[in-house]
Protein chains: 2
Amino acid sequence: MDARTDVKALMLGIGGRARDAALVLAEAETEAKDAALLAMAGAVEAAGPTILDANARDMAAGRDKGLSAAMLDRLLLTEDRIRGMADGVRSVAAQPDPVGAVIADWDRPTGLRIRRVRTPIGVVGVIYESRPNVTADAGALCLKSGNAVILRGGSESFESARAIHSAMLDGLRSAGLTEDAIQMVPTTDRAAVGEMLGMSSLIDVIVPRGGKGLVGRVQDEARVPVFAHLEGIVHVYVDKAADIEKARRVILNSKTRRTGICGAAECLLIDRALLRDHAPEIISDLVSAGVEVRGDADLAGLPGVVPASDADWGTEYLDSIVAASVVDGVDGAVEHIRRYGSKHTDCILTEDDAAAERFFRRLDSAILMRNTSTQFADGGEFGMGAEIGIATGKLHARGPVGAEQLTSFKYLVEGDGTLRA
Amino acid sequence: MDARTDVKALMLGIGGRARDAALVLAEAETEAKDAALLAMAGAVEAAGPTILDANARDMAAGRDKGLSAAMLDRLLLTEDRIRGMADGVRSVAAQPDPVGAVIADWDRPTGLRIRRVRTPIGVVGVIYESRPNVTADAGALCLKSGNAVILRGGSESFESARAIHSAMLDGLRSAGLTEDAIQMVPTTDRAAVGEMLGMSSLIDVIVPRGGKGLVGRVQDEARVPVFAHLEGIVHVYVDKAADIEKARRVILNSKTRRTGICGAAECLLIDRALLRDHAPEIISDLVSAGVEVRGDADLAGLPGVVPASDADWGTEYLDSIVAASVVDGVDGAVEHIRRYGSKHTDCILTEDDAAAERFFRRLDSAILMRNTSTQFADGGEFGMGAEIGIATGKLHARGPVGAEQLTSFKYLVEGDGTLRA
């Protein structure tokens, strides 16, 4: 047996146990799942020191490997972040159980009563990179929705994720639920990812959480359905009918509150009607806040603006950089976003209802916003408790993926000896 | 340029026009779509003689090729069936427009108002075989849901499908909608199917309608997401608490009303508690109706029963044949169905609520039924107007796929200069 065969056997074993666990979880009582979630939250907090030790080892290795400051920040755990993770698990516990919920219920003239009820999907595979907190978020959301999950963390966060996972298993055990509900792949061998992507009879859907490279590989190679999570090339368009003071605050918040999250603004579109009177102050806000503004020809003359190159349109910087372009009204903004956007989150700033309505109707991003910071593109801020990611595909899940979107449904049809004519 | 290159260029052209049409359709008014549907229905009826001529050519070619009686029946059009097709299109017109419907609407403590609204998916590819009516059903449902559709009919029904398609284009034209909304691949070259399965940037989802061979090929090769439509290995389980007279009628209707549809019963499971007193009359009903009953060892001694082989479990006959097995109560039935079923439609006959509840909870078929003929597994009978098929997968669409399930959604988020803290 070579290493390749070992990984295959390992993954088939994990997949088989997940499939069995899914049958058990589909019938698990709400109370048992919620008790396990609360126990998991407590266990994660109790394991704080162990998790911080493991994280320190990951951080040291990351520094040795020369990871960027942004990646190290995503990797870093603190007491606060561990508490945040545990609170996230608790808020998932507090959500209503989606499984068994009746989505629709109607009668037919034939006498049939039809109900459409939520069911778990089955087995979810989550492939992630440097954020160790995905271990807790994904584990909690999958358990809540009655799915078994196979977690495959990246090598950078391996020790941290393993420590978090171990605490989650304590929680499962204490609630009497099978540990196979939340399995973690115990190797960083990349062949394990390849196996997961091909296990279409054992895994029902794969959620990739990470950079372009990972997501691209998953979408190219997967034989299992994927909830696409493309990058967030988030546009903010300031319309001529914007309230400029409001707009300036929203733009700054959208770009600078946290630059490394997928809801951070990456491209500013300014209505040509605002070019002379208001573009200077909007741009100057950003420059003063330390943001590098890469502007098109119309904006190039403003103080602090560096000229944009073609590569700047459609780029996700996740950094203190913003592309900026002048466009001709709502339709110009729509055209630009259709061409360069990633259908994640796009925003219009306007007091004109018709302009907002046109922006909302003509664009097809997972999240369209008006007069609000794009940094609200987040499952927690949407009221979902937590999220497993923000899906940019159009099938099944879209936008923030919480427990409800990790479910499917079935029809229950009842008659009384009803025959079809 | 060889033939292969020609097909590739042809399909890329069709895909590009569909993508453009999808943008137009996404903004089309309900009235325009419904007017086109009504015009299409009228045009299909008006083209009746032309469609029947084309169908006669397909039927003659089918007989020459030695198609089975069941396939010829699926291929055959009559005046009645043409009227049925037109009525189907009219009933789709009469349904509410799913696009733009607000699925959910809530406020957040931050002051944000969030709406979740339905949108079209984009471009749908439908690959089908011998049923020419799919041309009208799929075209109508995709138009209603604001999607562009690429229809790829099989060679057996090619002339009939082309005649129907031509009538549908008349309807689109008269309503002023783009003809690219409903395109039909103008060749029976199988390479066209291969191209469709790989066009992931131009087609958003593929719906295969046909036999095991077609569906298997699509699932194996597709780089585009697929709404799986597996065969209907439909089980009917008679529980010890069944009302036997009711059960006998339901079993007969489930098996014999039409044997060639996917909701037809293929396997009868009898509770062991009924073996001595009631199995003989249940089996005798079927034998008397001309059904070949292939029974397990427990049933083999009954008059007219032929012994089942292993291959009979999990077989979709689509014919006047039924497999029959004795099982140990609800759990025995669940075990059998989990092993051999296709998650399409399965039914329990019982007056015991607890038994029905257990059957409903433990099984995960798209449609679970109680005390009703499985022949009701149909979008029309569910009240959806028509269906593009019955999906057996768990992602996005499941069960009868009508216009609503051909939609996605997006979030519209509104604030008033709202900033994230």
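Of all residues in the range B:264-283, those that are more than 23 Å from B:ARG358 (Cβ to Cβ) and within 14 Å of chain A (Cβ to nearest Cβ) total 1.
In the condition set (1) among the hydroxyl-bearing types (Ser, Thr, Tyr); (2) touching a residue at least 40 places away in the same chain (Cβ under 8 Å); (3) under 21 Å from A:LEU318 (Cα atoms), A:THR350 is compliant with all but (3). Let me confirm something: among B:ALA60, B:ALA54, which residue is away from every other protein chain (no Cβ under 14 Å), in contact (Cβ under 8 Å) with a residue 60 or more places away in the chain and aliphatic (A, V, I, L, M)? Exactly one of B:ALA60, B:ALA54 is away from every other protein chain (no Cβ under 14 Å), in contact (Cβ under 8 Å) with a residue 60 or more places away in the chain and aliphatic (A, V, I, L, M), namely B:ALA54.
B:ALA101: assigned by TED's automatic domain parsing to the domain that holds B:ARG162 and surrounded by fewer than 17 Cβ atoms within 10 Å (Cβ to Cβ), yes or no? Yes. Among residues of the range B:392-402 being within 7 Å of another protein chain (Cβ to nearest Cβ) and out of contact with any Leu (no Cβ under 7 Å at 6 or more places or on another chain), the one that is nearest to A:ARG420 (Cα to Cα) is B:GLY399. Only residues that are at the interface with chain A (Cβ under 7 Å from one of its Cβ atoms) and either in contact with a Phe, Trp or Tyr (Cβ under 8 Å, 6 or more places away or on another chain) or farther than 17 Å from A:GLN405 by Cβ (or both) were counted in the range B:403-421, giving 10.
For every residue, the table says whether it meets (1) within 11 Å of another protein chain (Cβ to nearest Cβ); (2) within 20 Å of B:THR259 (Cα to Cα); (3) touching a residue at least 60 places away in the same chain (Cβ under 8 Å).
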{"position": "B:ASP319", "(1), (2), (3)": "no, yes, yes"}
{"position": "B:GLY332", "(1), (2), (3)": "no, no, yes"}
{"position": "B:ARG338", "(1), (2), (3)": "yes, no, no"}
{"position": "B:ARG358", "(1), (2), (3)": "yes, no, no"}
{"position": "B:THR374", "(1), (2), (3)": "yes, yes, yes"}
{"position": "B:ILE390", "(1), (2), (3)": "yes, yes, yes"}
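Given the structure, is A:ALA300 modelled with pLDDT of 95 or more and either outside the structural domain of A:ARG249 (by TED's automatic domain parsing) or more than 25 Å from the chain's Cα centre (by Cα) (or both)? Here the answer is no, as A:ALA300 does not meet what is asked.
The residues in the range A:239-263 that are in contact with a Leu (Cβ under 7 Å, 6 or more places away or on another chain) and part of a loop (DSSP other than H, G, I, E, B) can be counted, and the count is 5. Inspect the range B:359-366 for any residue being of a type in the set (S, T, N, Q) and surrounded by fewer than 24 Cβ atoms within 10 Å (Cβ to Cβ) and give the result as yes or no. No, the range B:359-366 contains no residue that is of a type in the set (S, T, N, Q) and surrounded by fewer than 24 Cβ atoms within 10 Å (Cβ to Cβ). Tell me, yes or no, whether the range A:69-77 has at least one residue that is touching a residue at least 60 places away in the same chain (Cβ under 8 Å) and either surrounded by fewer than 18 Cβ atoms within 10 Å (Cβ to Cβ) or farther than 21 Å from A:ILE261 by Cα (or both). Checked the range A:69-77: at least one residue is touching a residue at least 60 places away in the same chain (Cβ under 8 Å) and either surrounded by fewer than 18 Cβ atoms within 10 Å (Cβ to Cβ) or farther than 21 Å from A:ILE261 by Cα (or both). Among residues of the range A:303-314 that are more than 14 Å from A:LEU286 (Cβ to Cβ), none has a Cβ under 7 angstrom from a residue that is acidic (Asp, Glu) and at pLDDT 95 or above at a sequence gap of 6+ or on a separate chain.
The lone criterion from (1) buried (at least 21 other Cβ atoms within 10 Å of the Cβ); (2) outside the structural domain of A:THR345 (by TED's automatic domain parsing); (3) within 30 Å of A:TYR340 (Cβ to Cβ) left unmet by A:SER408 is number (3).
Residues considered: B:GLY341, B:GLY332, B:GLY304. Of these, the only one that is under 12 Å from B:TYR237 (Cβ atoms), in contact with a strand residue (DSSP E or B) (Cβ under 9 Å, 6 or more places away or on another chain) and surrounded by fewer than 18 Cβ atoms within 10 Å (Cβ to Cβ) is B:GLY332.
B:PHE382 meets all of the listed conditions (1) closer than 30 Å to A:LEU363 by Cβ; (2) touching a strand residue (DSSP E or B) at 6+ places or on another chain (Cβ under 8 Å) but one, namely (1). The sole residue among B:SER68, B:SER130 that is more than 23 Å from B:GLU31 (Cβ to Cβ), out of contact with any helix residue (DSSP H, G or I) (no Cβ under 7 Å at 6 or more places or on another chain) and of a type in the set (Ser, Thr, Tyr) is B:SER68. Does A:PRO208 fit the bill of being at negative phi, buried (at least 24 other Cβ atoms within 10 Å of the Cβ) and under 18 Å from the mean Cα position of the chain (by Cα)? In short, yes. Residue count for the range A:376-388 satisfying the condition of being facing chain B (nearest Cβ under 7 Å), of a type in the set (A, V, I, L, M, F, W, C) and surrounded by fewer than 24 Cβ atoms within 10 Å (Cβ to Cβ): 1.
The values are calculated or read from the model by the stated rules, or taken from the named source; none is laboratory data. Computed from a predicted model, the values in this text were never measured in an experiment. Backbone-built Cβ (ideal geometry, glycine too); neighbour counts: all protein chains shown.
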